[in-house]
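The values are calculated or read from the model by the stated rules, or taken from the named source; none is laboratory data. Quick caveat: nothing in here was measured; it's all calculated off a predicted structure. Glycine also receives a Cβ, built like all others from the backbone with ideal geometry; neighbour counts cover every protein chain displayed.
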């Protein structure tokens, strides 16, 4: 009973104190600065519609800064906000014109050594870095549209950049024409969900030394590589789309020095290389869709103990390539559209193994110019001969139970 | 005439030269990443004239210290100064600051400078330790 009374009193106090928090509406940069100086923790500042010239503003109190429809903050070539207090909310503001610097990572919003900040429903246009989170845990970045204008690599920063920041939630954002759409370095226990990254100069999403993270339901289009996961452990990748990452040195998913991770229900469509695995250990790759890629899976010989099953490989130029003669990866129960075997006992599993590595893919890896022979009769014969009597391709790399119908 | 051509050929083929790094197009020899940040690009040139490009000084050092290449094969090692992007300088003459508050592309917090004064300037602001090339190699040998 006493406990209930205490609860009620606490709630009432909470409601009362709510009234104490001030909400100030401002119309220009000067009144914004005054309001910021006079504000206390818990206050809100509403920015009326209009263009505000603001740069290098330190926000050191736990306040909310909310824009009206049409509120624009122009950095005039400099950085805009630095948030260094916990529980700050920045909402519904258009940021623009944060200049390029080779020495500093100038950003529209920099969250510095704090926690629990929330950046939502904002727009960023022509910002070097849009949101830069440094040593700040538990930040939420949602529903932002981030549109870079950089066409050259050196003048581009990352749209969302996290460094040494854990427990982040990055959701429903759209990033375009930056260096990386989302960049994570030394970030753990974070969720990246429902974002769209397109036309970024490097990667749509980039993990460096970032363990125990999940990314799901994202779409990566037209980047140099859709996603790069490097030097990371225990990354869960579910139901993402990797589309049209096409060109030389382009990949849907680039995996380098990664272990103990799962990759499931993803779609790889029209990428130069669907997945490139370099030093990948102990991955579970299942139920993915590979359609119309140049190379569906390219696996370096330093990758092992990976399980690749129940995937659909449909109309890829090369289904599988590997370097080296040995293979220590499990490949079984996949559907291969190029499978030419039969199923006499009608159990849904092909009666002869499928060998997805073609001899020609070997020739190409040593002599790239030979791609010109791709559709020639000679190559067809060569591949057929190798399939019947394997000499160069790894004997062990075959799907012993290929599926007759797609999963 | 034949001699002249022979001499010309020898002269042309025997001068290993560095190549400018095409940021955003070239891939790092060690980590496969596109080389993007013009403050960190590095390069190794062999005596035969082969050029290996790297996205960071730490990738160059790791590559150099691994068995990929032997010291006797190297003609030039080049790095970029943090304060002077896009321009390659000799790695042996550089000074290196490892400071936990200065990120570098491959997570080693390693930034190169062409002069010790520049390195000290950043050390005063950001903290950390300064190394010359030999000391840097030793640091990586110990901390691998």
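Here are some notes:
- Any hit, segment A:155-170, residues being farther than 22 Å from residue A:98 by Cα, surrounded by fewer than 18 Cβ atoms within 10 Å (Cβ to Cβ), within 15 Å of the chain's Cα centre (by Cα) and touching a residue at least 12 places away in the same chain (Cβ under 8 Å): yes
- Of everything in segment B:72-101 that is within 11 Å of chain A (Cβ to nearest Cβ) and over 11 Å from the mean Cα position of the chain (by Cα), the residue that is nearest to residue B:52 (Cα to Cα) is B:86.
- Hits in segment A:228-243 - residues which are away from chain B (no Cβ under 14 Å), assigned to a strand (DSSP E or B) and within 17 Å of residue A:269 (Cα to Cα): A:237, A:238, A:241, A:242, A:243
- Inside segment A:182-205, residues that are buried (at least 24 other Cβ atoms within 10 Å of the Cβ) and under 15 Å from residue A:241 (Cα atoms) make up a count of 6.
- Taking strands (runs of 3 or more DSSP E) as the structural unit, those lying wholly within segment A:19-95 and holding at least 1 residues that are in contact with a helix residue (DSSP H, G or I) (Cβ under 6 Å, 6 or more places away or on another chain) correspond to A:23-26, A:44-47, A:50-53.
- Within segment B:104-121, the residues that satisfy the criterion of being within 14 Å of chain A (Cβ to nearest Cβ), surrounded by fewer than 21 Cβ atoms within 10 Å (Cβ to Cβ) and touching a strand residue (DSSP E or B) at 6+ places or on another chain (Cβ under 8 Å) are B:107, B:108, B:109, B:118.
- Of the criteria (1) surrounded by fewer than 21 Cβ atoms within 10 Å (Cβ to Cβ); (2) farther than 21 Å from residue A:21 by Cβ; (3) touching a residue at least 24 places away in the same chain (Cβ under 8 Å), which one residue A:75 fails: (1)
- Strands (runs of 3 or more DSSP E) completely within segment B:71-119 that count 3 or more residues being within 18 Å of residue B:140 (Cα to Cα) and in contact with a helix residue (DSSP H, G or I) (Cβ under 8 Å, 6 or more places away or on another chain): B:74-81, B:95-98, B:110-113
- A single entry from A:225, A:159 fulfils the requirement of being within 13 Å of chain B (Cβ to nearest Cβ) and either at positive phi or touching a strand residue (DSSP E or B) at 6+ places or on another chain (Cβ under 8 Å) (or both): A:225.
Here's the yes/no breakdown for (1) loosely packed, with under 11 Cβ neighbours inside 10 Å; (2) out of contact with any helix residue (DSSP H, G or I) (no Cβ under 8 Å at 6 or more places or on another chain); (3) assigned to a helix (DSSP H, G or I):
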position: A:339; (1), (2), (3): no, yes, no
position: A:345; (1), (2), (3): yes, yes, no
position: A:352; (1), (2), (3): no, yes, no
position: A:361; (1), (2), (3): no, yes, yes
position: A:369; (1), (2), (3): yes, yes, yes
position: A:384; (1), (2), (3): no, yes, yes
position: A:394; (1), (2), (3): no, yes, no
position: A:397; (1), (2), (3): no, yes, no
position: A:407; (1), (2), (3): no, yes, no
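- Residue A:252 vs. criteria in a loop (DSSP other than H, G, I, E, B) and over 14 Å from residue A:192 (Cβ atoms): no
- Of all residues in segment A:104-123, at least one satisfies being over 26 Å from residue A:42 (Cα atoms), within 13 Å of another protein chain (Cβ to nearest Cβ), more than 17 Å from the chain's Cα centre (by Cα) and in a loop (DSSP other than H, G, I, E, B).
- Selection of segment A:260-285 for residues being away from chain B (no Cβ under 14 Å), surrounded by 19 or more Cβ atoms within 10 Å (Cβ to Cβ) and either more than 17 Å from the chain's Cα centre (by Cα) or outside any loop (DSSP other than H, G, I, E, B) (or both) yields A:261, A:263, A:268, A:274, A:283, A:285.
- The set of residues from segment A:180-210 being within 13 Å of chain B (Cβ to nearest Cβ), outside any strand (DSSP E or B) and either within 8 Å of the chain's Cα centre (by Cα) or farther than 15 Å from residue A:147 by Cβ (or both) comprises A:186, A:187, A:202, A:209, A:210.
Rundown of residues vs (1) away from chain A (no Cβ under 14 Å); (2) over 30 Å from residue B:103 (Cβ atoms); (3) surrounded by 10 or more Cβ atoms within 10 Å (Cβ to Cβ); (4) at pLDDT 90 or above, yes/no style:
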position: B:11; (1), (2), (3), (4): yes, yes, no, no
position: B:16; (1), (2), (3), (4): yes, yes, yes, no
position: B:27; (1), (2), (3), (4): no, no, yes, no
position: B:31; (1), (2), (3), (4): no, no, yes, no
position: B:40; (1), (2), (3), (4): no, no, yes, yes
position: B:53; (1), (2), (3), (4): no, no, yes, yes
position: B:59; (1), (2), (3), (4): no, no, yes, yes
position: B:62; (1), (2), (3), (4): no, no, yes, yes
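- In summary, residue A:246 fulfils each of the numbered conditions (1) surrounded by fewer than 19 Cβ atoms within 10 Å (Cβ to Cβ); (2) within 14 Å of another protein chain (Cβ to nearest Cβ); (3) assigned to a loop (DSSP other than H, G, I, E, B) with the single exception of condition (2).
- Filtered residue count, segment A:211-227, keeping only those that are in a loop (DSSP other than H, G, I, E, B) and within 23 Å of residue A:152 (Cα to Cα): 3
- Hits in segment A:342-370 (condition: free of Cβ contacts under 8 Å to residues at least 40 places away in the same chain and under 20 Å from residue A:310 (Cβ atoms)): A:346, A:347, A:351, A:352
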